[in-house]
1. Quick one: length gained pulling residue 130 to residue 765 fully straight, 0.36 nm per residue minus the C-alpha distance?
2. I need two numbers for the stretch 398-487: Rg to one decimal and Dmax as a whole number, Cα atoms only, in Å.
3. Arrange the following residues from fewest to most other Cβ atoms within 10 Å of their Cβ: 199, 95.
4. Give the distance, in whole Å, between the Cα centre of the stretch 1-29 and the Cα centre of the stretch 774-851.
5. Where Rh is the Kirkwood radius over the Cα pairs of the stretch 291-436, the temperature 10 °C and the viscosity 1.306 mPa s, what D in µm²/s does Stokes-Einstein return?
6. At 7 Å along the Cα-to-beta-carbon direction for both residue 380 and residue 23, put a label point, then send me their distance in nm to one decimal.
7. Any chance you could list P(r) for the stretch 722-791, counting all Cα-Cα pairs in 5 angstrom bins from zero, rounded to whole %?
8. Most exposed first by the Cβ proxy, i.e. fewest other Cβ within 10 Å, how do 358, 313 rank?
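Throughout, read-outs are computed from the coordinates displayed, never taken from laboratory work. Computed from a prediction, not measured in an experiment: that's the story for all the values here. All Cβ positions, glycine included, derive from the backbone under ideal geometry; neighbour counts span all protein chains shown.
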């Protein structure tokens, strides 16, 4: 098993070379490299590709597809080929929509894979050669230069320094200085310098590779709350339908009725009762919501993310480039006594090179130009020494008017050491501490003229990455919507805390090491548990470090033997709860790595939260994929966009608030349709079963059921455009509430249906076929009246009012059903008089259903007023 990259960081260069069995002068031989390539594999991200056939076939497995397939089979058995064709078309439509959605999301690993470097300059057989980066193996000696994409995890073994931009991996806002003995990560970019390094790990064993593995793991674990809700609703209706249809069949069997005709009736009833169109209608509802979000510059890459976004109660936000501008800015420069701002900025600029586009130097030039400084053009730079991690400063020899001087800028303590030791720097040192506490990175600037022995300290320049202008208002609005914001960043704690306080997130910013510490405590306790089991008790002489080592060794042994840690019952739960509590109580975490972000999202989800995550870099991809709603901000990397569910096209976070509001509106539409559909299924199937079992009377014919199914489901697509409220709190599927409301409305519908049945059969003494027409018209009118009950938790006459399209779609289908009943199209005619009687009857029950809905909501929510 390959050693982790982190384990090489503690070894010296010579120890690392010995460990990897390589020679710094000649590198590996071609034969040795070939052998290692067989052992370690190619330096590329392996992609597990699911076959097209398997992707298609698994969509035909599940409760709802299964029932549709059974209905299609029954249609074929009774030779109802028209029914068979329609049912099959419904099944293929659902499969096609689901397959298309998945195809859009499958590019996450592909994009990450393409991010690997294509070539590498490697020392083989005593000479440097350019090879395909995928052929690199641990032990190869590689040269990395300015502009290179580092092809694998390497330990730097020779050279002055490099400046590596690893912000997309670690979230750090500035390039990291690397010197001999340091680790440089695969896929970071060399901004300055040139060094030799030895490859420590390749492919999935690299820091970048572990990030990809986390994305793959998140993708495998991915299952939305929407999918779970649809399965729960489907199971409920399927079990109910199958049970009641079975009762009808058994009853018909004992009554010696025509089983072929009864089987046909049961078939049609089953198809009408089970929610075959529900996934499609809910998908259309979400698609409409996605189009509305696109108009607000937020692209949805996974439809079910709309429902997830509506329920987000914790938003984990990356800092750099998300809450901040990802652009260093000079704060409030502090010139030393006897010197002015212009001199301070001028000398800082002279100790820089504008063409280098260094992120630290760029704002100095910008501020100098903005302040009207024109002296810069008078100077000529004779020589320039760039920043390196050893000296921690830049230095330049400049000339103006025939006079030369030396200017320098860098770490304040280093610049102090160059100045006259007799000077008092206590006050300046305090200023440096104040800047650090405020999250600023501080540069010291000094100048030395030819006649001077020491440098003269000119002052301090604090730098910071400022927040986006709309970040504070966005965070305030998100909190108003009931969302807890947590900053998750790779930057240090001081910077993170300063930004968090400035944006109103909070000051409780913890180090990611505290999360590691929680894991460490678990290992210590594991060591104690095993020691007590073996020795009876832990010796008081055993130190915590020894217990930790013992715990680690036990953990590794268990993992080798069983593939996972085998902990005592209740152990995992208790310590996982500790970590969850730690994360919930923090306002954010600093100095995090990709696995930390993934861990934070994972633990919050296990704590019962629906988690949103914003980000822009490769380092954010695993957490974006793992999160219930991953949000890639404007300017995000391809990898982050591919992993995310929502992609913002414009800078800033304000669109997230609009997306959340839009998602909550879409969720309300899906919820109201779900309640309606369950209620209608109960209303139809329960009434049919009771009529057949108790009265031996079939209240509607098979053709009536087909007409009802058509009139009820097709126009209801208009609910995707309905007006509804945006809740001021996170919302999620409350299946107890949904099922209870739907069941109550369904049972009331059964009672109302028996009422019209008694009215027609016993009071009006109408013929059986006319009674069936009465029942048909009542079911058709009551069906769409129910949607006006379920579409809001308030009284049906209170705003928000129904959208015009939904209203007129419902009215037109009710009028169509009325014409069928009045003029006897495919059914017995009842005339206008009886039709108006049924209308009046249905409207009375509409008011009763609405009153019942309000009362049930009140009871379920323990008296909370439905506003």
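1. Values: separation 635, 0.36 × 635 = 228.60 nm, distance 9.54 nm.
Between residue 130 and residue 765, full extension yields 219.1 nm more.
2. 20.2, 66
3. Values: 199 27, 95 18.
By the 10 Å Cβ count, ascending, the order reads 95, 199.
4. 78 Å
5. On the way: Rh = 19.0 Å.
After rounding, the answer is 84 µm²/s.
6. So the two model labels end up 5.0 nm from each other.
7. Taking all Cα pairs of the stretch 722-791, the binned fractions are 4, 13, 18, 17, 14, 11, 8, 6, 5, 3, 1 percent.
8. Values: 358 22, 313 19.
Ranking 358, 313 by Cβ neighbours within 10 Å, fewest first, gives 313, 358.
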